[in-house]
Amino acid sequence: MKILSIHNNYQIRGGEDESRKAEEQLLREMGHEVDVYEEHNDRVSTLNPLNIALRTIWSRESYKIVEHKLAESTYDLIHVQNFFPLISPSVYYAAKARGIPVVQTLRNYRLLCPNALFFRDGQVCEDCSGKFIPYPGVWHGCYRDNRAASAATATMLTVHRAMGTWTQMVDSYVALTNFAREKIVEGGLPAEKIVVKPNFVNPDPGLGEGRGGYALYVGRLSVEKGLDTLLAAWEHLGQKMPLKIVGDGPLASEVVEATKRLPDVKWLGRRPMAEVYELMGEAMVLIFPSKWYETFGRVAVEAFAKGTPVIASKIGAIAELVDHGRTGLHFGPGDPRDLVARVEWVLQHPEQLARMRRAARAEFEAKYTAAKNYEQLMKIYALACSI
């Protein structure tokens, strides 16, 4: 099978790009030919705002690039990972003009929400979901805190709803969890076209020992990721468990300040993946304090691969991934005292924690290996090609 993978790389949430690359590599390992058409948001600085807005709605350049690729070589399907903002849905039409099936992975909520997160002013917001014109997102300047940029995004969504793009030009959508699928269906996308396939971890990083005695956070340092909740919890915890934080982002200065006040909190910044896996494997627990509707939670699955249980907010897809009492624990999103209670429970129940470690690793082996994922992906491709 020959696949054209299409991706607009904007490097805001790194897990999305890692998952896309892992999928492409897996396909190559299994003998498929994968060609990639990629745009990068570095180009945004070279374009004027009007040009960016027009490209967001319909990129003639991307249409021609895909049209040319499909004309010079035979592809079985195109798999669009992300088209926003420089590629645009025009690539669907280039594929359909040649009779090529289209698969679209939904790694965020962009087709329903201008900022793609269902998150505004520090809390969940679904004001635009299901609206033909997502005007609340424009009024609030939800995309990049900019009303003009938000208007361009909202126009793209509205124009393509009117054109029937989302219902007619895509053969199969891939949601990463049942939770994400339900939200996408609520927003108006056709349920019969949306298949659930999680991300996966490849190669298998192997089981860790869990002897480090610390909690670990890995991810973007931002409000929607719950960094304020995490730091507030460690204010209350009273040096009962060290916390290591890996990552960078807009709240980095707040993390630095926290390390000055709290001797048991250590910020490691960005780290190579091999080192992150080592940290995960030795951690007592991974903390996943998100406050938005995560579509997946790759870091949690990586922790499972190392046999490390996850203490996660009971919200969005991460609440689906973590089975409370078996592979980890839930706490109330945005509730630092509830998070403290869960950490204290872990400290007081070493035998149950050992069982959770075994269950976490078993969960990875059952659901998130490359072999399981490849089988699911082939079924999705077969479905798209049969429509």
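The values are calculated or read from the model by the stated rules, or taken from the named source; none is laboratory data. Owing to the predicted nature of the structure, the values given are computational and were not obtained by experimental measurement. Counting neighbours? That spans all protein chains shown, and the Cβs are built from the backbone with ideal geometry, glycine included.
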Of all residues in segment 7-35 being farther than 17 Å from residue 85 by Cα and among the aliphatic types (A, V, I, L, M), which is surrounded by the most Cβ atoms within 10 Å (Cβ to Cβ)?
27
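Residue-wise test of (1) in the same structural domain as residue 181 (by TED's automatic domain parsing); (2) within 21 Å of residue 179 (Cα to Cα); (3) assigned to a helix (DSSP H, G or I).
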site	(1), (2), (3)
320	no, yes, yes
326	no, yes, no
329	no, yes, no
353	no, no, yes
363	no, yes, yes
374	yes, no, yes
377	yes, yes, yes
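Every residue, every condition in (1) small (Gly, Ala, Ser); (2) surrounded by fewer than 24 Cβ atoms within 10 Å (Cβ to Cβ); (3) out of contact with any Lys or Arg (no Cβ under 6 Å at 6 or more places or on another chain); (4) at positive phi, yes or no:
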position	(1), (2), (3), (4)
254	no, yes, yes, no
261	no, yes, yes, no
279	no, yes, yes, no
303	yes, no, yes, no
310	no, no, yes, no
316	yes, no, yes, yes
351	no, yes, yes, no
Anything in segment 265-312 that is in a strand (DSSP E or B) and among the small types (Gly, Ala, Ser)? List them, or say none.
269, 312
Residue 270 being surrounded by fewer than 24 Cβ atoms within 10 Å (Cβ to Cβ) and either over 16 Å from residue 220 (Cα atoms) or under 19 Å from the mean Cα position of the chain (by Cα) (or both)
yes
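Restricting attention to segment 36-43, does a residue exist that is within 21 Å of residue 3 (Cα to Cα) and of a type in the set (Lys, Arg)?
Checked against the condition, which is being within 21 Å of residue 3 (Cα to Cα) and of a type in the set (Lys, Arg), segment 36-43 yields no hits at all.
Yes/no matrix, rows are residues, columns are (1) of a type in the set (Gly, Ala, Ser); (2) modelled with pLDDT under 95; (3) within 30 Å of residue 382 (Cα to Cα):
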residue: 190; (1), (2), (3): no, no, yes
residue: 195; (1), (2), (3): no, no, yes
residue: 204; (1), (2), (3): no, no, yes
residue: 209; (1), (2), (3): no, no, no
residue: 216; (1), (2), (3): no, no, no
residue: 221; (1), (2), (3): no, no, no
residue: 226; (1), (2), (3): yes, no, no
residue: 248; (1), (2), (3): no, no, no
Out of (1) over 22 Å from residue 18 (Cβ atoms); (2) surrounded by fewer than 21 Cβ atoms within 10 Å (Cβ to Cβ), what's the single condition that is false for residue 110?
(1)
Members of segment 195-234 found to be polar (S, T, N, Q) and crowded, with 19+ Cβ neighbours inside 10 Å, listed by number
199, 222, 229
Condition first: crowded, with 18+ Cβ neighbours inside 10 Å, touching a residue at least 24 places away in the same chain (Cβ under 8 Å) and farther than 27 Å from residue 335 by Cα. Can you find one or more residues in segment 126-134 that meet it?
yes
Among the residues of segment 360-377 satisfying the criterion of being among the aliphatic types (A, V, I, L, M) and surrounded by fewer than 18 Cβ atoms within 10 Å (Cβ to Cβ), which is nearest to residue 233 (Cα to Cα)?
362
Please work out which residue is surrounded by the most Cβ atoms within 10 Å (Cβ to Cβ), limiting yourself to segment 36-72 and to residues that are within 21 Å of the chain's Cα centre (by Cα) and not in a helix (DSSP H, G or I).
39
In segment 99-114, is there at least one residue being of a type in the set (A, V, I, L, M, F, W, C), within 30 Å of residue 373 (Cα to Cα) and more than 18 Å from the chain's Cα centre (by Cα)?
yes
